[in-house]
Amino acid sequence: MKFVKSIVAASLAFSAFAAAHASAKELSLAYFMGPKHPMNKGIFTPFGEQLKAASGGSLTVKQFAGGALNKVPPKQYSILLDNVADIVFTLPGYTADVFPKTNVVGLPGVCSTAVECT
């Protein structure tokens, strides 16, 4: 589970820095799960805290849970591209047409473990 958290955190960090404007102070984090989802406590909140600490407080994260910025989970990536949100949580299946190579990890027999596939 710790490895999965690291991968998700790295993905979130990449999204934040790829989409954030240089002068941004408060970054918006959009996700379709509710605010009490385990990902909030385990990933999203610690990510915001670590980003704030790493930036000396110049970057903060405001969470938009439960589809507040987008009610259609497969459209999460598009709201990132449209600058509706600075950071989004999405699933590989929702972006398969954009990133087709991510579908390989779902094929049986490609890897023995999640670590090997990643």
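The values are calculated or read from the model by the stated rules, or taken from the named source; none is laboratory data. Predicted model, so just to flag it, every value in this text is computed and none were measured. All Cβ positions, glycine included, derive from the backbone under ideal geometry; neighbour counts span all protein chains shown.
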- [ ] Among the numbered conditions (1) free of Cβ contacts under 8 Å to residues at least 24 places away in the same chain; (2) part of a loop (DSSP other than H, G, I, E, B); (3) more than 15 Å from the chain's Cα centre (by Cα), tell me where T90 comes up short.
- [x] (3)
Task: Failed item, numbered, when E116 is tested on (1) modelled with pLDDT under 95; (2) more than 18 Å from F47 (Cα to Cα); (3) surrounded by 11 or more Cβ atoms within 10 Å (Cβ to Cβ) - done: (3)
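Which one of these is surrounded by 11 or more Cβ atoms within 10 Å (Cβ to Cβ) and either β-branched (V, I, T) or part of a loop (DSSP other than H, G, I, E, B) (or both): N103, N70, N40?
Values: N103 fails: either β-branched (V, I, T) or part of a loop (DSSP other than H, G, I, E, B) (or both); N40 fails: either β-branched (V, I, T) or part of a loop (DSSP other than H, G, I, E, B) (or both).
Matching residue, one of N103, N70, N40: N70.
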Open item on the list: Pairs needed: first member in the stretch 59-71, free of Cβ contacts under 8 Å to residues at least 60 places away in the same chain and within 12 Å of I87 (Cβ to Cβ); second member anywhere, among the polar types (S, T, N, Q) and part of a strand (DSSP E or B); C-beta distance under 9 Å; at least 6 residues apart or different chains.
Closed with: V61/S28; K62/S28; Q63/S28; F64/S28; L69/S28
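Return yes when V84 is of a type in the set (V, I, T), more than 24 Å from C117 (Cα to Cα), crowded, with 16+ Cβ neighbours inside 10 Å and touching a residue at least 24 places away in the same chain (Cβ under 8 Å) and no when it is not. Explain how you work it out, then say what you get.
Working: of a type in the set (V, I, T): yes; more than 24 Å from C117 (Cα to Cα): yes; crowded, with 16+ Cβ neighbours inside 10 Å: yes; touching a residue at least 24 places away in the same chain (Cβ under 8 Å): yes.
Judged against the criteria, V84 is a match.
Does Q63 fit the bill of being in contact with a Ser or Thr (Cβ under 7 Å, 6 or more places away or on another chain), surrounded by 13 or more Cβ atoms within 10 Å (Cβ to Cβ) and among the polar types (S, T, N, Q)?
Values: in contact with a Ser or Thr (Cβ under 7 Å, 6 or more places away or on another chain): no; surrounded by 13 or more Cβ atoms within 10 Å (Cβ to Cβ): yes; among the polar types (S, T, N, Q): yes.
No.
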Open item on the list: Taking the condition of being within 16 Å of the chain's Cα centre (by Cα), aliphatic (A, V, I, L, M) and modelled with pLDDT of 95 or more, how many residues in the stretch 49-78 meet it?
Closed with: 5
